[in-house]
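Colleague: Sharing a structure with you now.
Only the coordinates and a few stated rules stand behind these numbers; no lab work does. Quick caveat, the model's predicted, so the values are computed rather than measured. Neighbour counts run over all protein chains shown; Cβ positions are idealised from the backbone, glycine included.
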Amino acid sequence: MSLSGKTVVIAGGVKNLGALCARELADLGSPNLVLHYHSDSDKSKADKLVSELSSKGSKVIAVQGNLEHVSEITKLFDTAIKQFGGVDIAINTVGKVLKKPILELSEAEYDQMFDVNSKVAFFFIKEAGAKLNKNGRIVTIVTSLLAAYTGLYSLYAGSKAPVEHYTRAASKEFADKNISVVNVAPGPMDTPFFYGQETPEAVAFHKSQALKGQLTDIKDIAPIVRFLVTEGWWITGQTIFANGGYTTR
């Protein structure tokens with residue numbers, strides 16, 4: 001399925017899974033790509049990816065912003081519309097992980113986790129629902145810990161859990177525009193996002209819970225996102241657990 005003439009917005013789109021999704025979609029007819037990044041430290045990655053994908057025929061822009069501020073989410077979509085005339089696909093890969101016992105968690109940590117994982121997701125879905133063209137697609141990356149019975153990840157899984165409810169509601173409310181809304185829940189991914197929280201022993205345990213004794217590879221997740229925004233459009237209101245058997249419902 002070609003995405004020629006379509007416009008894709010990817011939050012967290014210049015590194016790790018977001019960047020790989022951009023590369024996957026760039027091969028489908030060179031769509032217009034709007035790639036969000038958060039920090040000044042990621043600007044060089046953004047510039048490099050813009051150059052790479054532009055050389056393959058896509059029209060690409062990078063937009064910096066702190067999406068914890070709703071105005072920045074609005075700016076992201078408005079920039080895409082101003083630049084390309086509309087938006088067809090919106091993918092949110094933004095997230096923050098925290099592994100700590102409940103008794104050690106602070107109010108500030110609670111607020112930060114819900115800002116990044118829940119608030120950003122809600123207002124990204126809201127903005128996409130308001131501004132996507134008909135037959136649009138919305139995908140949010142959540143976590144397979146939503147189906148886990150474990151301690152230590154209360155704020156991470158807890159702040160991702162509301163996204164399932166946002167997704168179900170949005171899939172009904174946006175159906176009149178034929179917009180599908182889905183979540184993808186990877187297992188622990190082999191990216192820098194994961195390792196900062198884990199001991200070597202914990203890494204070994206996480207690996208032991210999945211096929212081939214390995215962490216989730218982003219190369220196995222990006223094609224699923226690609227499918228959901230193309231031929232897999234009929235899937236909506238769902239959370240797809242893609243984790244090699246790490247957890248299930």
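Colleague: How far apart, in nm, are two points set 7 Å out from the Cα along the Cα-to-Cβ line at H69 and at K177?
Modeller: 2.5 nm
Colleague: Taking the Cα centre of the chain as origin, sum charge times position over the Cβ atoms of Lys and Arg (+1) and Asp and Glu (-1), and report the length of that vector in debye to the nearest 20.
Modeller: 620 debye
Colleague: Quick check: residue separation of E198 and A147 times 0.36 nm, minus the Cα distance between them. What number comes out in nm?
Modeller: Working: separation 51, 0.36 × 51 = 18.36 nm, distance 1.93 nm.
Gain on stretching E198 to A147: 16.4 nm.
Colleague: Another one. Would you please give the residues with an amide H less than 5 Å from that of V87, counting only those at least 5 places away or on a separate chain, with H modeled from the backbone geometry?
Modeller: N133
Colleague: Provide the packing ranking of 83-89, 31-37, i.e. peptides ordered by the mean count of other C-beta atoms within 10 Å per residue, highest first.
Modeller: Numbers: 83-89: 18.6, 31-37: 25.7.
My ranking of the peptides, most packed first, is 31-37, 83-89.
Colleague: List, in order, the whole-Hz ³J(HN,Hα) value for each residue of segment 57-62 obtained from phi through the Karplus relation with A = 6.51, B = -1.76, C = 1.60 and θ = phi - 60°; use x for Gly and Pro.
Modeller: Along segment 57-62, the couplings run x, 7, 8, 10, 10, 10 Hz.
Colleague: In addition: Calculate the FRET efficiency for S106 and S41 from the Cβ-Cβ distance with a Förster distance of 35 Å, rounded to the nearest 0.05. Show your work: numbers first, answer last.
Modeller: Details: r = 25 Å, r/R0 = 0.71.
Using R0 = 35 Å, I get an efficiency of 0.90.
Colleague: Another question, if that's okay. Name the long-range amide H neighbours of A242: under 5 Å, sequence gap of 5 or more, or other chain; modelled H, no Pro or chain starts.
Modeller: A185, G187
Colleague: Taking amide H positions as placed in the peptide plane 1.01 Å from N, state which residues far from V63 in sequence (5 or more) or on other chains have amide H under 5 Å from it.
Modeller: L35, H36, Y37
Colleague: Something else: Return, for the Cα atoms of the chain, the radius of gyration and Dmax in Å, separated by a comma.
Modeller: Just the Cα atoms of the chain yield Rg and Dmax of 17.3, 52 Å.
Colleague: Looking at the square roots a ≥ b ≥ c of the eigenvalues of the Cα gyration tensor of segment 20-154, which shape do they give, rounded for a/c under 1.5, prolate if a/b is larger than b/c, or oblate?
Modeller: Prolate is the answer for segment 20-154, as a/c is 1.5 or above and a/b outweighs b/c.
Colleague: Now a separate question. Relative to the Cα centre, what is the charge dipole magnitude of segment 99-212, using +1 at the beta carbon of each Lys and Arg, -1 at the beta carbon of each Asp and Glu, and rounding to the nearest 20 debye?
Modeller: About 600 debye.
Colleague: State to the nearest 20 debye the size of the charge dipole of segment 187-249 about its Cα centre, where the only charges are +1 on K and R beta carbons and -1 on D and E beta carbons.
Modeller: Computed charge dipole of segment 187-249: roughly 140 debye.
Colleague: To the nearest Å, what is the center-to-center distance of segment 8-56 and segment 81-121, using C-alpha atoms only?
Modeller: 19 Å
Colleague: Restricting to DSSP H runs of at least four residues, report the calculated mean residue ellipticity at 222 nm for the chain, -39500 (n - 2.57) per run over all residues, nearest 500 deg cm²/dmol.
Modeller: -12500 deg cm²/dmol
Colleague: Mind listing the phi-derived Karplus ³J(HN,Hα) values for segment 2-12, rounded to whole Hz, using 6.51, -1.76 and 1.60 with θ = phi - 60°, and x for any glycine or proline?
Modeller: Calculated HN-Hα couplings, in order: 7, 9, 4, x, 8, 10, 10, 10, 10, 7, x Hz.
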